[in-house]
Amino acid sequence: MARESLLREPPVTERGKRTWEALIAAARTVFERDGYLDARLTDITAEAKCSAGTFYTYFAGKEEIFAAVLARAQEDMLHPGMPHVDADDDPVAIVEASNRAYFAAYRRNARLMGLLEQVANVDAEFRQVRQNRGDAFIRRNARSIAALQKRGLADQTLDPQLASRALSSMVSRLGFWHFVLEPEESADPARFEELVATATRLWANALRLPQRD
């Protein structure tokens, strides 16, 4: 999710790692509170309780630390900690578990997803960041679709990559609409369940998965 040229290797010392982690956590707090454009490095260092000199030991500036914060969010969203579902379980249950985990991760990172959308509209490199995030999501789901086809459970006529692009884009925009544009509504547990159920039914119908009773 973050720009490759801006991502440095983490420090090797324990003290360096702690400082690096503290700066990323502080930056996330400031970005989510103030937005990207209004966030100041002095606010980040104050939140992290470190000096400007310490900040520049680890990051070149605001763009670089924002990229690091986004990288953390991407890791959470691509590997959100799904509930255990056996590979040979009901395919709809697998899709539902994946959608539930993704939407829960989107909810945790909604403020950052909104900021990425804003910054990507004015910064071509962060536009690529957004594209990279989407591509990673599409590749993961394409593998899942191909696995279901291999088991004879999904429509064999579909190209897994193209089907994933269509369905992943739908789910991503649903997440943006629900958690970024309508955050008050997203706090309702019933609406969250409706979101998961709707996305799952659309996936199941599109892939022609065997439906549960």
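Worth a mention:
- When we screen ASP135, ASP159 for residues that are in the same structural domain as PHE176 (by TED's automatic domain parsing), within 12 Å of the chain's Cα centre (by Cα) and charged (D, E, K, R), the only hit is ASP135.
- Residue match in segment 193-208 (condition: small (Gly, Ala, Ser), under 14 Å from SER98 (Cβ atoms) and exposed (fewer than 15 other Cβ atoms within 10 Å of the Cβ)): yes
- Residue list for segment 45-77, filter: of a type outside the set (D, E, K, R) and touching a Ser or Thr at 6+ places or on another chain (Cβ under 6 Å): ALA52, PHE55
- Comparison of ALA199, ALA163, ALA136, ALA147 shows that the only residue that is of a type outside the set (S, T, N, Q) and more than 23 Å from GLU75 (Cβ to Cβ) is ALA163.
- Among residues of segment 151-168 that are free of Cβ contacts under 8 Å to residues at least 40 places away in the same chain, none has a Cβ under 7 angstrom from a residue that is among the acidic types (Asp, Glu) and in a helix (DSSP H, G or I) at a sequence gap of 6+ or on a separate chain.
- Residue in segment 86-104 that is over 26 Å from SER186 (Cβ atoms), hydroxyl-bearing (Ser, Thr, Tyr) and at pLDDT 90 or above present: no
Here's the yes/no breakdown for (1) hydrophobic (A, V, I, L, M, F, W, C); (2) assigned to a helix (DSSP H, G or I); (3) at negative phi; (4) modelled with pLDDT of 95 or more:
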{"position": "GLU9", "(1), (2), (3), (4)": "no, no, yes, no"}
{"position": "LYS17", "(1), (2), (3), (4)": "no, yes, yes, no"}
{"position": "LEU23", "(1), (2), (3), (4)": "yes, yes, yes, yes"}
{"position": "PHE31", "(1), (2), (3), (4)": "yes, yes, yes, yes"}
{"position": "THR42", "(1), (2), (3), (4)": "no, yes, yes, yes"}
{"position": "GLU64", "(1), (2), (3), (4)": "no, yes, yes, no"}
{"position": "VAL69", "(1), (2), (3), (4)": "yes, yes, yes, yes"}
{"position": "ALA73", "(1), (2), (3), (4)": "yes, yes, yes, no"}
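- Some residue of segment 145-155 being touching a Phe, Trp or Tyr at 6+ places or on another chain (Cβ under 8 Å) and surrounded by 20 or more Cβ atoms within 10 Å (Cβ to Cβ): no
- Listed by first and then second residue, the pairs linking a residue in segment 18-29 that is touching a residue at least 60 places away in the same chain (Cβ under 8 Å) to a residue that is β-branched (Val, Ile, Thr), with Cβ atoms under 6 Å apart and 6 or more places separating them unless they lie on different chains, are ARG28/VAL69.
- Filter result for ALA190 (among the hydrophobic types (A, V, I, L, M, F, W, C) and within 28 Å of ARG208 (Cα to Cα)): yes
- In segment 163-192, the qualifying residues are those that are closer than 24 Å to ALA142 by Cα, of a type in the set (A, V, I, L, M) and crowded, with 16+ Cβ neighbours inside 10 Å, and the one that is farthest from the chain's Cα centre (by Cα) is ALA163.
- Exactly one residue out of GLN128, GLN118 is closer than 25 Å to PHE66 by Cβ and modelled with pLDDT under 90: that is GLN128.
- Residue list for segment 30-56, filter: β-branched (Val, Ile, Thr) and in contact (Cβ under 8 Å) with a residue 24 or more places away in the chain: THR54
The values are calculated or read from the model by the stated rules, or taken from the named source; none is laboratory data. Computed from a predicted model, the values in this text were never measured in an experiment. Ideal geometry is used to build each Cβ from the backbone, glycine not excepted, and the neighbour counts take in all protein chains shown.
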